[in-house]
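The values are calculated or read from the model by the stated rules, or taken from the named source; none is laboratory data. Fair warning: this is a prediction, and the values are worked out from it, not measured in the lab. As a convention, Cβ positions derive from the backbone with ideal geometry for all residues, glycine included, and neighbour counts pool all protein chains shown. Just so you know, the surface numbers come from the protein's heavy atoms only, side chains and all, with ligands and any DNA or RNA stripped out. Shrake-Rupley method; radii C 1.70, N 1.55, O 1.52, S 1.80 Å.
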Amino acid sequence: MLEAREACWGATGRMDRMEDIVNLPFIPARLISDFVANNEIPCEWKTLEGCHAYYDADMFAQALGLYQILQDADPELSGTVKVITQDSISPSLSDLRVPRAVGAAPLAMSYVFAGHDKVKNVYQDDYLIQRPSGGELMFGGGRQYATDGGVGCSDDSWTSRSAAKYLRNELNHALDLSPSSSEEVKTLREELSRALDPSSSSSKELKASFEWTGIMGFSRDGRPWVGAVPEELGGGKGLWICAGFTGHGMPNATGCAKAVVELMLGKEGEEVDLPSVHRVGRERVERARVGDEVREADLKGFFV
Ligand SMILES: Cc1cc2nc3c(=O)[nH]c(=O)nc-3n(C[C@H](O)[C@H](O)[C@H](O)COP(=O)(O)OP(=O)(O)OC[C@H]3O[C@@H](n4cnc5c(N)ncnc54)[C@H](O)[C@@H]3O)c2cc1C
């Protein structure tokens, strides 16, 4: 393998986009968890419950629409999804720690925060997971604070100071991490004294152990491109593509890589488990060419 740096070094490992689950015939998370188990891969693989917290009524309605599609497409999988509203009890929104607070109590789930400050959080893509080993919180997003939303930047040797500051402050607003038991109160006090940054002017700014950024390849139609690159697109015999995951490569890249290898080996059409929306094709290329460029589409919120 020819590799400029280190494979997949930047990603947080979240694999939970509802749209991917609805649209893909292969269930990528299962593909990877089976691979990890069968090959005894040493890694922090952990299947968690995920909480997508919507702070905006329109976005919540949109998500409910996708949920209905999932119910038809895969009743078994949709049975694992629970819809919690402001009237729900057990769990209630407060039980799920959404919205508001501070701390370090174990989360036991991963989070996506959508629409929690529409003015600032225009890309709606803040997300949180907790490492199973050390318990560190990994909070990602804040792209709106990078110049131009980070679009067009291919230098990941530095981090945007304003995006990093936003993330250090925002977690306390998006999530209620206050303790729910007396044991947690004790742990929380200790954790908080370590996590809150004494040099910050904001009393809620957290101290980060590590901060990093990375490059994400976006495609105009928001989907990866997988297959042979034809001559009229500047390719020709022997040139293949498997790229453009648009910030959601964790759930998609493994299945797509498997598919592109099968295509290289001569399999065709339905023999290859690859959604049609991911295949390179003349019609798709023509549609993409007249569509918005990534920068414009991003400003319109297309990639949310
Ligand atoms: C900070 C961050 C967090 C993310 N978190 C998530 C997440 O939680 N969930 C999710 O689904 N997705 C996440 N993503 C997106 C995910 O990482 C990408 O969608 C996925 O890695 C795309 O896979 P890829 O193989 O297309 O590209 P990459 O993983 O970017 O791989 C491209 C590789 O090519 C190498 N390379 C580049 N140029 C050359 C060259 N000239 N010669 C040789 N090698 C070269 C690079 O070093 C790199 O390793 C995140 C991305 C970032 C940056």
With the 8 Å Cα cutoff and a minimum separation of six or more residues, the stretch 229-290 has a relative contact order in percent of 22 percent
If the label point is 7 Å along Cα→Cβ of D273, which residues in the stretch 33-47 have backbone nitrogen under 14 Å from it? 33-36
Heads up, the stretch 252-304 by the C-alpha gyration tensor (a ≥ b ≥ c square roots of eigenvalues; a/c under 1.5 rounded, else a/b over b/c prolate, else oblate) looks prolate
Of the peptides 245-252, 148-155, how do they stack up when ordered by the mean number of other Cβ atoms within 10 Å, highest first? 245-252, 148-155
What does the accessible area per residue of the stretch 225-299 come to in Å², with a 1.4 Å probe and no ligands, DNA or RNA counted? 59 Å²
Taking the highest mean first, how do the peptides 37-46, 76-85 order by number of other beta carbon atoms within 10 angstrom per residue? 76-85, 37-46
Could you look at the stretch 225-299 and say what percent of its accessible area is carbon and sulfur, using a 1.4 Å probe and all protein chains? 55 percent
